[in-house]
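Working notes for the structure below.
The values are calculated or read from the model by the stated rules, or taken from the named source; none is laboratory data. Values in this document were obtained by computation on a predicted structure and should not be read as measured data. Because the Cβ atoms are built from the backbone with ideal geometry, glycine has one as well, and the counts that use them run over all protein chains shown.
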Amino acid sequence: MSKKQFIRPMGKVLKKRLRESRRFIQVVAGPRQTGKTTMVRQVLEEVGGAWHYASADEPLLRDAAWMYSQWEMARTMADRSGRAGAVLVLDEIQKIPRWSEAVKRLWDEDTAAGALLKVVLLGSSPLLMGQGLSESLAGRFEVIRLPHWSFAEMREAFGFTLEEFVFYGAYPGAAGLVKEEGRWRSYIKDSLVETTISRDVLLLKRVDKPALLRRLFELGCLYSGQVVSFTKLLGQLQDAGNTVTLAHYLDLLEGSGMLAGLSKFSASHVRRRRSSPKLQVLNNALMTSLTGGSLRATRSDPEAWGRLVESAVGAHLANKASVGEVELYYWREGSREVDFVVNKGGSVYAIEVKSGKRREALSGLSYFMRAYPTARPLIVGEGGMPLEDFLLRF
């Protein structure tokens, strides 16, 4: 599969903002390998004019002095360009210690001097990016959040079928490797998972038990779509820990854009926070790269395929939740369960996924509707909205 010239929809937002006369720092944040750098480069080529790109994601140590040097180069370009100005792009900005304070100082200097320099910051750790922005740059920035690619984007850019999207997930850099499943699986594990954990989590946040975090990630992928108490997880982990530590590590994995823990839907916010999480990968590639099965073998196994379909629905919704489009929960009372509960624009949807795996009658959905009569029931799959329509339209 060869990549077509394709710019993600949020690229149009960035292009519009760069063409405006108003000056704000544009912050593009999202997980690794979601096309941030490519999108920004494509947009700058369309916008035209002078721009300077520099990345802190290199083996050599980067610090504030390096940032000042890059900023001065961009200032020189802006001066030479006259009224057209210039754009400075700093990639993986969260790797620089105290980066937000340095950006604030330089940005305020340019503002006072009337410099025609626009700035775009890219980061692959949304959690750390958010901390830096809230600490120093209030009132100076706008955020463009890039989630993992959707089915619509993978289909348009790479010609993915629905089955390929469900199994191989949505990493654009891995799209050309799906015909060689062993090579594809190694790429996901070595270039994406390991790089994210080692560079975006372990090097940037204090993690006292790195082996425990890695094992939590593996179990989270294997149990994606299941409600698992932290106490039960501790029983399957070899390293000693506690539930507070596991909850913190799950937050770090969610902040890196790999694994989320969904809260139980309840009218009480306190009960939501105290509930056992429903584990959910944010990209199905993270799940299938660990299983070892092929697309053909998995597709012929109703149970295995059903878990992947439900995970694909959950990942689709979780990525929308990560950019603020929806609020996402699960619901369970005793043996009755609803796969996903979504608050979208003030409307609550109770979503049940029917995908061929063995499942009891939809008593959970009926019970939920009696408890929350204003909610809207939605079945995805057999007997309801086709999976493809859901992924394209919801």
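Within segment 132-155, the set of residues being modelled with pLDDT of 95 or more and part of a helix (DSSP H, G or I) comprises F151, A152, E153, M154, R155.
Among residues of segment 51-69 being surrounded by fewer than 18 Cβ atoms within 10 Å (Cβ to Cβ) and either of a type in the set (A, V, I, L, M, F, W, C) or modelled with pLDDT under 90 (or both), the one that is farthest from K95 (Cα to Cα) is A65. Scanning segment 160-178 for residues that are closer than 25 Å to G306 by Cβ and surrounded by fewer than 20 Cβ atoms within 10 Å (Cβ to Cβ) yields T161, L162, E163, E164, V178. Any chance segment 347-354 includes a residue that's in the same structural domain as E254 (by TED's automatic domain parsing), in contact (Cβ under 8 Å) with a residue 40 or more places away in the chain, surrounded by 21 or more Cβ atoms within 10 Å (Cβ to Cβ) and of a type outside the set (S, T, N, Q)? The answer is yes; a qualifying residue exists.
If you scan segment 101-116, which residues turn out to be in contact with a Leu (Cβ under 8 Å, 6 or more places away or on another chain) and either surrounded by 24 or more Cβ atoms within 10 Å (Cβ to Cβ) or among the basic types (K, R) (or both)?
Within segment 101-116, V103, K104 qualify.
Is it true that E382 is acidic (D, E) and touching a residue at least 60 places away in the same chain (Cβ under 8 Å)? In short, no. Within the set K104, K95, the sole residue that is among the basic types (K, R) and in contact (Cβ under 8 Å) with a residue 60 or more places away in the chain turns out to be K95.
Residue-by-condition table, conditions (1) of a type outside the set (G, A, S); (2) in contact with a helix residue (DSSP H, G or I) (Cβ under 8 Å, 6 or more places away or on another chain); (3) in a helix (DSSP H, G or I):
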site	(1), (2), (3)
R185	yes, yes, yes
T196	yes, no, yes
V201	yes, yes, yes
G225	no, yes, no
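Within segment 304-321, is even one residue over 14 Å from the mean Cα position of the chain (by Cα), surrounded by fewer than 18 Cβ atoms within 10 Å (Cβ to Cβ), of a type in the set (D, E) and in the same structural domain as G169 (by TED's automatic domain parsing)? There is no residue in segment 304-321 that is over 14 Å from the mean Cα position of the chain (by Cα), surrounded by fewer than 18 Cβ atoms within 10 Å (Cβ to Cβ), of a type in the set (D, E) and in the same structural domain as G169 (by TED's automatic domain parsing). Among the residues of this structure, V348 does not count as one that is hydrophobic (A, V, I, L, M, F, W, C), at pLDDT 95 or above and in contact with a helix residue (DSSP H, G or I) (Cβ under 8 Å, 6 or more places away or on another chain).
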